[in-house]
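Inspection log for the structure reproduced underneath, given as structure tokens.
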Amino acid sequence: MSIAAVLFGLWWLASVALLLGSAVLAMQCRFSPERGRPGQGIGLPAERDGDVAAAADMPISILVPLRSFQETGHPANAALAVLDHPAGEILFSARCDPVGDGAASWREPGGVGLRARCVPTAPRPGWNPKLANLAEPLEAAANDLILVKDAATLLSQETLRAMAAALRPGIGLVCAVPVARRPRGLAAHVEAALINTYGARMLLALSALGGGAGIGAAMLFRRSDLQAAGGLAAIASAVADDHALAGLLAGRGLRTVFAATVDQDLGVREPSAIWRRHLRWAICRRLEEPVAFAAEPLTGLAAACVAASGAAPALGMSFAWAILATMPLWPAVEILLAACRGWPLAWATPLAILLREAVMPALWLRALAARRIVWGGRAMPLSAGRRP
């Protein structure tokens, strides 16, 4: 057996081991997304139930940056009306959008839920558009505990309490792992495969190992910690605001952890919109996690097929049989993971996983060559080889 065949064989084993290992860890992640309760898997010390309850009931301000105040009527934002949290508030923000019918579309449930306000924001040249949209509401917030939620993220009462309870001493940022729900059509199932059995698989595996990462679907932090680290201005030009926030707080010795999952309804998706969104995220990974980004093309189904082809002659197999033996592994493992976690499954799921794996190398190459990033319809230039 040649050295090349051995190396190809080891490459194949490493790719499959990453798939199996991350899936098993994701299945065993200690916190329960159904109950929204963090567990020992996120690396936090056990505390008395009373201490956790007290932490979970601390006053909190929920910031929701929007493209327009009309988005307050989006189901994910309308669902905030059922939240009941002591001394809590919701601040919707949008750039240069007059507060009118859009703001009025959000209704408080008879005074039981959190009070809501709409905060218009001003342009800030050179700032990341999302961070620029957070500056005014962050300053206007009444509480030190700040939760920033994407417009499409469904935030439940249990998840809110779990994230608040997880923000303990030594923790600077608590995030939730996004999970795609209710995809409609093949394109939406491909995005669900990108978000769930690829993205959430890796994030839950990281959480099971005691790690965390800045993920913008839902982020909880103390405003006082952010201000002590330099405030939003310190990361104003960052392309990946969530990663930049985690890094900024890490500079003060504060960790980032996961405490729950949050749902995002997909519905019908356009392939072009999926490409643009995941290209932006791939560019963010290139800038904020260059080592992990560089390793991406060496993992996954495409890499495993190349490795299997290289090792096949030494095993007396044809290239075609080596590839055919490898291809079913990814759908089989990820479908089992989705079934264990209660994630969406349909007839389109195996095909969606294979399509995702076929598209990801092209997405990676496009992200590698990108010299600008489009965010909120606005193009931002990138500094080659440098984090913004």
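Structural remarks
- As a size descriptor, the averaged projected area of the C-alpha convex hull of region 173-329 was calculated at 11.4 nm².
- Computed lengthening from A234 to I335, 0.36 nm per intervening residue step minus Cα-Cα distance: 32.2 nm
- Ranked by how many other beta carbons lie within 10 Å on average, peptides 203-216, 227-240, 138-151 from highest: 203-216, 138-151, 227-240
- Projected label distance in nm at V268 and A320, using a 7 Å step from Cα toward the beta-carbon: 4.0
- The calculated FRET efficiency for the pair V374 and R252, based on their C-beta separation and a Förster distance of 35 Å, comes to about 0.65.
- Placing L7, L19 in order of accessible area, with the largest value first and a 1.4 Å probe, yields L7, L19.
- For region 194-235, backbone nitrogen atoms closer than 13 Å to the point 7 Å from A295 Cα along Cα-to-C-beta are found at 202-203, 206.
- Taking 0.36 nm per residue of separation and subtracting the current Cα-Cα distance, fully stretching the chain between V6 and A358 would add 124.2 nm.
- Using the average count of surrounding beta-carbon atoms within 10 Å as a protection proxy, the listed peptides 191-202, 265-276, 301-312 rank, highest first, as 191-202, 301-312, 265-276.
- Cα-derived Rg to Rh of the chain, Kirkwood definition: 0.99
- Using a simple spin-label model with pseudo-atoms 7 Å out from Cα toward Cβ, R67 and R366 lie 1.8 nm apart.
- Only Cα pairs under 8 Å and 6+ residues apart enter the sum, and on that basis the relative contact order of the chain stands at 22 percent.
- Lys, Arg +1 and Asp, Glu -1 on Cβ, resulting dipole of region 113-171 about Cα centre, debye, nearest 20: 40
- Taking every protein chain into account, the 1.4 Å probe leaves C118 with about 40 Å² of accessible area, to the nearest ten.
- At 1.002 mPa s and 20 °C, Stokes D of region 142-189 from Kirkwood alpha-carbon radius, µm² per second: 164
- Put a plus charge on the Cβ of each Lys and Arg, a minus charge on the Cβ of each Asp and Glu, and nothing anywhere else: the dipole of region 171-284 about its Cα centre is then about 60 debye.
The values are calculated or read from the model by the stated rules, or taken from the named source; none is laboratory data. From a predicted model like this one, the values you see are computed outputs, not experimental measurements. Every residue, glycine as well, gets a Cβ built from its backbone with ideal geometry; the counts of neighbours run over all protein chains shown. Surface areas here come from the heavy atoms of the whole protein model, side chains and all, with no ligands, DNA or RNA. Shrake-Rupley method; radii C 1.70, N 1.55, O 1.52, S 1.80 Å.
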